[in-house]
Amino acid sequence: MSDSKNDKSYEVAQSDQIASDIEGYLKDQEHKSFLRFITCGSVDDGKSTLIGRLLYDSKLIFEDQLATLENDSKKVGTQGGDMDFALLVDGLAAEREQGITIDVAYRFFSTDKRKFIVADTPGHEQYTRNMATGASSADVAVLLIDARKGILTQTRRHSYIVNLLGIRHAVVAINKMDLVDYAQDAYETIEKDYRSFAENLNFSSITFVPLSALKGDNIIDSGDNMDWYEGPTLMSLLETIDVSNQKEENPFSMLVQWVNRPDLDFRGFSGTIASGTIKPGDKIIALPSAKTSTVKSIVTYDGELDEAVADQAVTITLEDEIDISRGDVISEINRRPETTDQFQAQIIWMHDQPMLPGRPYLIKTTNKTVTGKVTSLKYKVNVNSLEHEAG
Amino acid sequence: MTKLTHLQRLEAESIHIMREVAATCDNPVMLYSIGKDSSVMLHLAMKAFHPSKLPFPLMHVDTTWKFREMIEFREKFIAENNLDLIVHINQDGVDQGIGPFSHGSATHTDVMKTQGLKQALDKYGFDAAFGGARRDEEKSRAKERIFSFRSAQHRWDPKNQRPELWNIYNNRIQKGESMRVFPLSNWTELDIWQYIHLENIPIVPLYLAKKRPVVERDGMLVMVDDDRMPLNPGEEPEMKMVRFRTLGCYPLTGAVESTATTLPEIIQEMLLTKTSERQGRAIDKDSNASMEQKKQEGYF
Ligand SMILES: Nc1nc2c(ncn2[C@@H]2O[C@H](COP(=O)(O)OP(=O)(O)O)[C@@H](O)[C@H]2O)c(=O)[nH]1
């Protein structure tokens with residue numbers, strides 16, 4: 001059982017520490033782990049309600065916001081005057097008027113274990129590209145399913161897309177359990193259906209949790225309504241899920257973003273390390289030129305570093321004057337990435353106009369924009385069945 | 001092996017965004033409002049391009065009603081760090097005598113701030129402008145992209161934002177259009193304070209509590225910063241221990257009573273209070289969606 005079950009006493013302990021030992025509290029904050037996740041699923045499955053509930057239950061709503069929420073719930077809420085948590089996240093005027101989510105909203109909260117950024121994404125098919133935007137920065141996808149309705153087309157579409165965008169962990173939240181009398185078999189049927197659908201995806205973990213976003217069951221507290229469920233609550237799942245990706249252990253590579261030339265004596269290559277680690281003295285190769293050199297220094301505003309790792313933004317200087325410009329890749333000499341001007345890829349097409357093979361397009365590959373063509377469309381994926389259909 | 005902390009990750013993300021702009025935009029500018037978020041943004045920019053100088057100027061849209069201490073701080077900081085700063089004032093507004101007391105907060109903010117900003121962007125032809133807004137500040141901000149597209153009329157269309165995947169940003173624009181870029185999008189108020197504390201970033205002293213002359217108006221504590229402030233009959237400035245959670249035009253920025261005179265004390269107070277940061281700003285109170293509307297009209 002998670003500690004956050006006792007969130008009242010936790011809250012008190014936390015404020016005590018803030019009051020008596022702010023420096024100690026800040027130190028703890030510095031080393032807290034961090035998780036980005038999204039909520040997705042079909043329209044009305046309860047995404048906004050769930051996030052509103054997480055913020056509310058983790059006491060992250062300020063009094064003035066709460067007053068606004070109460071006010072709005074009466075004015076435009078869908079809960080007959082009761083708190084409509086969805087209004088906390090639907091931030092655009094058009095969304096509030098129409099009661100739908102158009103674009104992804106980012107929310108921030110933290111518990112004693114982790115800091116979170118959650119992206120609430122729209123369920124309408126029309127706004128899929130906004131859902132994809134939210135998914136691209138997340139490590140975990142919380143896929144909501146309405147217990148009464150089971151898996152819908154949007155559940156499948158979203159599962160497929162988040163997986164394609166690189167999310168490796170799915171939490172399937174079977175919501176609105178209060179509307180099916182908290183029945184275990186309703187939950188189990190959906191779990192079974194989803195598992196068989198997901199066999200064709202490649203998530204490295206899929207976890208299921210039955211909940212009621214509206215009533216709060218299994219959000220932070222387990223509640224008494226689903227004693228048959230022995231797993232963790234959604235919050236404790238989010239607090240403990242391991243999303244480390246061992247990026248640091250992969251071969252070193254850095255995409256050059258900006259050439260740093262303050263004067264004739266200094267020439268550095270600025271960029272964010274995509275993978276691996278680097279040290280002065282390491283041999284590198286620049287691509288596509290395939291020129292080689294050795295790292296002279298890793299320069300930062302805070303002084304030179306002995307080592308830099310994946311995700312750090314640094315400036316590297318080299319022993320030799322080789323020509324490197326924005327868009328080039330600096331990588332470990334013996335384990336370099338392949339270079340090619342042709343490849344096969346799965347594409348999520350977002351534009352209203354259809355993709356046309358043979359037509360020139362601009363292709364942005366991280367730091368470089370080039371023109372390119374799609375030679376042929378091999379197949380389209382049917383997001384419902386995951387079957388391949390003729391292009 | 002080095003293990004990055006949450007703040008180091010945020011720092012790296014912001015640096016990446018700034019370098020992207022420097023490398024791909026023709027004529028970027030960094031909006032500098034002198035507040036804590038701007039101070040963090042500027043500090044990150046100095047990190048991003050070190051040892052080079054910033055490859056873009058800073059710009060302050062001065063409404064002429066900022067706290068005096070803000071302007072002093074600005075002058076000193078810019079000189080000490082050898083930075084390029086453009087100060088833009090909407091001269092039309094000055095000529096018409098626009099001010100918060102005579103014209104009210106909405107007109108003053110629109111003319112001196114929003115119109116002033118648009119004027120300046122057009123005058124210098126900037127194609128990208130950095131702003132220090134955070135997604136945790138307000139609901140419509142929570143929806144905004146990091147690279148946020150603006151039409152030639154400086155309008156934001158919240159219903160039709162561009163996809164923005166991973167850390168790949170689409171900043172292609174036509175002539176006259178521009179980008180607003182928000183490198184602090186994913187920072188929270190706590191992150192900002194903590195970073196200021198850890199990195200020793202200089203901030204305007206108004207953030208720290210001190211005895212200051214204030215009067216109470218419509219439930220807001222207004223500091224009497226100069227003699228342009230007309231006092232109502234019977235109104236007498238009182239010396240109170242106060243500080244400011246956000247900084248802007250002094251007549252529109254409410255002070256909070258506080259004894260916090262150090263950064264950890266500010267953070268402590270922030271964590272233990274139950275009102276959100278923007279409450280001190282008169283301009284947000286008008287209506288719920290007012291920030292969204294202002295942003296659509298070109299406000300940052
Ligand atoms: N009974 C019940 N209703 C819920 C639950 N979660 C959400 N709802 C309701 O379902 C409707 C749609 O929820 P919303 O959060 O807006 O869904 P979204 O479109 O996925 O963001 C609203 O009327 C919610 O109050 C739940 O757990 N139980």
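The values are calculated or read from the model by the stated rules, or taken from the named source; none is laboratory data. Predicted, not measured: the structure shown is a model, and the values here were computed from it. Because the Cβ atoms are built from the backbone with ideal geometry, glycine has one as well, and the counts that use them run over all protein chains shown. In case anyone asks, the SASA skips ligands and DNA or RNA and just uses the protein heavy atoms, side chains included. Shrake-Rupley method; radii C 1.70, N 1.55, O 1.52, S 1.80 Å.
Using a 1.4 Å probe, what is the accessible area per residue for the protein assembly as shown, in Å²?
Heavy-atom SASA per residue in the protein assembly as shown reads 43 Å².
Taking only DSSP H segments of four or more residues, each worth -39500 (n - 2.57), what value at 222 nm results for chain B once the sum is divided by all its residues, to the nearest 500 deg cm²/dmol?
-9500 deg cm²/dmol
Going by a ≥ b ≥ c, the root eigenvalues of the Cα gyration tensor, does segment A:72-203 fall in the rounded group (a/c under 1.5), the prolate group (a/b larger than b/c) or the oblate group?
It comes out oblate by the Cα gyration axes.
How many partner chain Cβ atoms sit within 10 Å of a residue's Cβ in peptide B:157-169, on average, as a whole number?
Numbers: counts 0, 7, 7, 2, 6, 4, 10, 8, 12, 7, 6, 5, 1.
Average neighbour count from other chains, rounded to a whole number: 6.
Roughly how crowded by other chains is peptide B:131-141, in terms of the mean Cβ count from those chains within 10 Å of each of its Cβ atoms?
3
Could you give me D for the protein assembly as shown, from Stokes-Einstein at 20 °C and 1.002 mPa s, where the hydrodynamic radius is the Kirkwood radius over C-alpha pairs? Units µm² s⁻¹, please. Don't skip to the end; give the middle numbers.
Numbers: Rh = 27.0 Å.
Approximately 79 µm²/s, per Stokes-Einstein.
Using a Gaussian network model of chain A with C-alpha springs under 10 Å, which one of A:Ala147, A:Ala67, A:Ala345 is most mobile by mean-square fluctuation?
A:Ala345
Which order do peptides A:168-174, A:125-131, B:149-155 fall in by mean Cβ count within 10 Å, highest first?
Highest-to-lowest ranking by the protection proxy: A:168-174, A:125-131, B:149-155.
Output the relative contact order of chain A, whole-number percent, from Cα pairs under 8 angstrom with separation of 6+ residues.
12 percent
Taking the Cα centre of segment B:65-136 as origin, work out the dipole magnitude from +1 charges on Lys and Arg Cβ and -1 charges on Asp and Glu Cβ, in debye rounded to 20. Could the numbers behind the result be given before it?
On the way: 9 positive and 11 negative charges, 41 e Å.
It works out to roughly 200 debye.
Test of understanding: in a Gaussian network model of chain A with alpha carbons linked when under 10 Å, which of A:Asn245, A:Asn334, A:Asn225 would top the mean-square fluctuation ranking?
Per the Cα network of chain A with a 10 Å cutoff, A:Asn334 tops the list.
Given springs between every Cα pair under 10 Å in a Gaussian network model of chain A, which of A:Asp72, A:Asp341, A:Asp320 has the largest fluctuation?
A:Asp341
Would you mind giving the mean number of other chain beta-carbons within 10 Å of the Cβ of each residue in B:180-191, as a whole number? Numbers along the way, then the final one.
Values: counts 0, 0, 0, 0, 0, 2, 5, 1, 5, 1, 5, 3.
Partner-chain Cβ atoms within 10 Å, mean over residues of B:180-191: 2.
If packing is taken as the mean number of other Cβ atoms within 10 Å per residue, what is the order of B:35-45, A:355-365, highest first?
Listed from highest to lowest mean packing, they are B:35-45, A:355-365.
Multiplying the sequence separation of B:Lys123 and B:Arg155 by 0.36 nm and subtracting their Cα-Cα distance, what value in nm do you get?
Working it through step by step, the gained length comes to 9.8 nm.
Which one, B:Ala255, B:Ala23, B:Thr63, is farthest towards the positive end of the dipole of chain B when Lys and Arg carry +1 and Asp and Glu -1 on their Cβ?
Highest projection toward the positive end goes to B:Ala23.
Would you be so kind as to identify which of B:Ile267, B:Val215, B:Phe244 lies farthest towards the positive end of the dipole of segment B:201-285, taking Lys and Arg as +1 and Asp and Glu as -1 on Cβ and the Cα centre as origin?
The residue sitting farthest along the positive end of the dipole is B:Ile267.
Which aspartates and glutamates have a Cα less than 16 Å from the Cα of A:Lys75, not counting those fewer than 8 places away in the same chain?
Within the straight-line cut-off, A:Lys75 pairs with A:Asp84, A:Asp90, A:Glu95, A:Glu97.
Hey, what did segment A:326-391 get for relative contact order, percent, Cα under 8 Å, at least 6 apart?
Reported as a whole number, the value is 22 percent.
Nothing charged except the Cβ atoms of Lys and Arg (+1) and of Asp and Glu (-1): what's the magnitude of the dipole of segment A:342-391 about its Cα centre? Round to the nearest 20 debye.
Details: 6 positive and 3 negative charges, 61 e Å.
Computed charge dipole of segment A:342-391: roughly 300 debye.
If each DSSP helix of 4+ residues adds -39,500 (n - 2.57) and the sum is divided by the residues in chain A, what number results at 222 nm, nearest 500 deg cm²/dmol?
-7500 deg cm²/dmol
Suppose accessible area is computed on protein heavy atoms with a 1.4 Å probe; arrange A:Thr39, A:Thr294 from highest to lowest.
If we order A:Thr39, A:Thr294 from most to least accessible, we get A:Thr294, A:Thr39.
May I ask for the angle, rounded to the nearest 10°, between helix B:189-199 and the longest principal axis of chain B, with both axes built from Cα atoms and the value confined to 0 to 90°?
80 degrees
I need the peptides B:232-242, A:211-221 ranked by packing, meaning the mean over residues of other C-beta atoms within 10 angstrom, with the highest value on top.
A:211-221, B:232-242
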